[in-house]
Amino acid sequence: MLTKLPFKNLVNRPARSAALIIISAFLSFSVFGGAMVLSSLQIGLGSLRSRLGADIIAVPDKAARQNDLEAILIQGRPGYFYMDKENLDKISCIEGIEAVSAQYYLASLSAGCCSMPVQVIGFDPETDFSVKPWIQKSYKKQLNEGDVLAGANINAEAGENLRFYGETCKVAAKLDKTGTELDNAVYADSATVKMLMAAAKKKGVGVLEKNDPEKLISSVLIKVKDGYDVSKVSDEINIHLRGVTAVKTQNMISGIAQSLSGISEITNILMWAIRALALVIMAVAFSMMINERKREFAVLRVIGASRKRLAGIVLTESVIVGCMGGLTGVLAACVLIFPFGGLLEQKIGLPYLVPDVKTILLTAVSAVLAAMIAGPLTAAFSAVKIGRMDTGVILNSN
Amino acid sequence: MILKAEGISKRYFRNTNTANYFYAVKKTDLPLFRGELTAITGRSGSGKSTLLNMLGGLLSPTEGRVLYDGRDIYALPDKELSKLRNAFVGIVPQGQSALSALTVLENVMLPYYMYKKDGDIKDRAGELLERVGILSLANAYPNELSGGENRRLAIARALIHDPDIILADEPTGDLDDENTKTVLELLRAAADDKKAVLLVTHENDALSYADRVYRMNGGELTECEG
């Protein structure tokens with residue numbers, strides 16, 4: 001019966017118990033929710049970094065000047081720019097370069113899948129080291145001419161057809177989510193993308209009208225050999241190739257990393273403030289509760305409860321409150337954060353990728369444990385206080 | 001003799017000024033004997049309840065000793081003193097003293113389960129509730145009871161362990177004449193059953209049930225003759 005007493009005490013005062021559970025839920029919400037948002041942003045950034053794959057990207061001067069490169073590669077804005085294919089061979093001759101691969105960008109006018117233009121990114125399967133490792137997680141076979149791979153946010157499934165510039169392309173597979181704007185693009189090998197560029201030329205698309213698509217590339221992705229300084233190699237390219245700008249990918253990501261660091265800092269401060277506030281409120285609430293119930297505890301002393309036993313009752317109540325609050329907080333965070341991850345990504349404009357199930361579960365368990373520990377921690381002072389109270393004085397005062 | 005107060009007193013400070021204090025109970029000796037009902041009468045605030053709480057191991061005396069079967073109870077560690085109070089002392093505190101989360105029956109049975117996990121005390125609890133006239137309320141909660149019914153619950157709870165000593169602080173407060181008589185007869189019966197019973201009251205009618213009567217006045221205890 002004594003073991004059930006803490007439960008009965010909580011059930012007996014539903015409003016008081018609910019208030020304590022809600023405060024405890026705030027704590028676990030901040031622990032779990034904060035950790036989820038921050039790690040989603042970290043994973044998103046990591047995913048973007050590994051997706052870019054290259055140390056340097058060489059693009060036409062004009063694209064670099066107008067920030068088109070960053071907009072297309074990182075923000076996923078549909079667009080295109082081209083330079084002479086000869087640049088690929090010239091770059092590969094520069095000392096310190098381990099690998100080069102050309103990419104082709106084409107923005108569709110409209111496609112069957114989407115109400116907005118879609119970015120088509122073409123890669124050379126023979127030399128690519130950036131797109132293929134990621135694609136191979138979803139699609140291991142060779143792409144045929146006319147096949148495309150759809151980013152995770154493209155509204156088309158494997159086997160369906162998409163139409164670009166009047167050409168029909170078959171969706172060979174849908175790619176894994178990266179949490180970046182690259183999920184909004186369609187990927188094709190160089191043969192397919194050149195076919196599409198030719199179709200675009202027929203439709204009179206800008207620069208393609210005057211040039212042969214076979215002689216054009218959009219960018220060159222460059223991997224630098226170990227032991228070589230990326231900045232020096234980049235400078236070499238900029239010095240030796242006219243009309244071409246080499247951009248270090250680290251610089252492209254550093255802006256995002258900076259924003260992420262700022263957001264992390266603000267989120268951390270906010271979350272710690274919520275945690276501290278929740279702990280203080282819980283401690284005050286427990287202290288008030290003990291004060292309100294001191295006659296009840298005095299009666300327990302009258303019938304033979306030791307000080308330790310009284311403290312045990314208070315601490316058990318606080319563990320139950322912590323456990324229930326912890327679960328409520330985690331549940332609330334799941335309901336609020338996971339369904340609105342996409343919206344959050346849009347609002348903060350940073351890559352956002354939800355962690356795997358194992359990480360989510362571990363974080364959830366940690367958040368519930370934190371709330372369960374916070375309960376007894378905040379109630380400890382009150383538990384000591386009842387241990388010290390003078391039963392006779394309390395009984396006499398009524 | 002089963003319980004003996006030896007020169008106990010209780011002093012309280014009015015504020016942090018150490019010179020400003022008063023005695024709630026002045027230096028007092030009080031023996032409680034098996035088979036006797038001892039009554040202490042006096043006005044409110046005279047120190048009766050303070051003395052009872054010191055005898056029950058609930059309030060440390062400023063000086064002196066309380067001996068149970070020759071052992072100084074305030075020399076015992078808290079756990080042992082609590083166990084002793086649970087097993088051998090039945091206390092009826094002043095005012096409402098039931099736990100609001102438990103039913104009447106659970107309140108009465110709680111002292112038994114304080115240090116025991118097995119055994120069934122339901123029949124004895126039912127029997128005691130019947131003796132104090134609230135068996136029909138066994139499944140009710142304390143907030144559904146009248147003041148008098150709450151007092152009777154406290155008496156049944158104090159008797160659940162068949163204790164050696166019963167300390168009752170104004171047990172007939174809030175009770176009508178019939179219930180007052182029932183409770184006093186119950187305490188008298190306990191004394192006749194070789195228990196040491198201490199009754200703190202300011203009702204003169206209750207004194208006729210006592211073997212010894214003391215008067216408390218301004219913290220000073222004096223035995224009344226005859």
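Below, the figures for the structure above:
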quantity	calculated
Amide H contacts under 5 Å for B:E220, placed H, 5+ residues apart	B:K26
Degrees separating the helix A:249-292 axis from the principal Cα axis of chain A, which is the longest one	10 degrees
A:A191 paired with B:F13, simple spin-label distance in nm, labels 7 Å along Cα-to-beta-carbon	9.6 nm
Length-normalised contact order for chain A - Cα pairs under 8 Å, 6+ apart - percent	29 percent
Qualifying aspartates and glutamates (Cα of each under 12 Å from Cα of A:K137; at least 8 residues distant if same chain)	A:D176
Estimated FRET transfer efficiency when R0 is 45 angstrom, pair A:T3-A:K137 (beta carbons, to 0.05)	0.30
Net length gained if the chain between A:E126 and A:K62 were fully extended (0.36 nm per residue, minus Cα distance)	20.3 nm
Simple Cβ-charge dipole of chain B, Lys/Arg +1 and Asp/Glu -1, about Cα centre, in debye nearest 20	860 debye
Integer Hz, Karplus 6.51/-1.76/1.60 couplings in order for region B:113-123, x for Gly and Pro	8, 4, 10, 10, 9, 10, x, 10, 10, 4, 5
Under 5 Å, built H, 5+ apart or other chain: amide partners of B:I91	B:L167
Cα-based convex hull volume of chain B per residue, rounded to whole Å³	134 Å³
Of all DSSP beta bridges in chain B, antiparallel share, percent nearest 5	50 percent
The protein assembly as shown: antiparallel DSSP beta bridges as a percent of all, rounded to 5	65 percent
Nonlocal amide H pairs with A:I97, under 5 Å, H built at 1.01 Å	A:K225
Paramagnetic reach from B:S44 in region B:142-156 [backbone N under 17 Å; point 7 Å along Cα→Cβ]	B:147-148
Links that overshoot a 23 Å alpha carbon limit, given the list B:K83/B:K194; A:K177/A:K358; B:K83/B:K116; A:K90/A:K202	A:K90/A:K202
Of A:K223/A:K248; A:K174/A:K215; B:K79/B:K195, those spanning more than 18 Å from alpha-carbon to alpha-carbon	A:K174/A:K215; B:K79/B:K195
Computed E for A:K232/A:D89 - FRET, C-beta separation, R0 30 angstrom, nearest 0.05	0.90
Tilt relative to chain A, helix A:230-240 - C-alpha long axis, 0 to 90 degrees, to 10	30 degrees
Mean ellipticity per residue at 222 nm, deg cm²/dmol - from DSSP H runs of n ≥ 4 across the protein assembly as shown, formula -39500 (n - 2.57)	-15000 deg cm²/dmol
Pairwise centroid distance, computed over Cα atoms, of region B:154-226 with region B:20-74, Å	15 Å
From phi via Karplus (6.51, -1.76, 1.60), per-residue ³J(HN,Hα) for region A:333-343 in Hz, x at Gly/Pro	5, 4, 5, 8, 8, 5, x, 9, x, x, 5
Student exercise, the protein assembly as shown dipole from Lys, Arg, Asp, Glu Cβ charges, in Debye to nearest 20	620 debye
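Quick note: the coordinates plus some simple rules give every number you see, no bench work behind them. Every value quoted in this text rests on a predicted model; they were computed, and no experiment measured them. Counting neighbours? That spans all protein chains shown, and the Cβs are built from the backbone with ideal geometry, glycine included.
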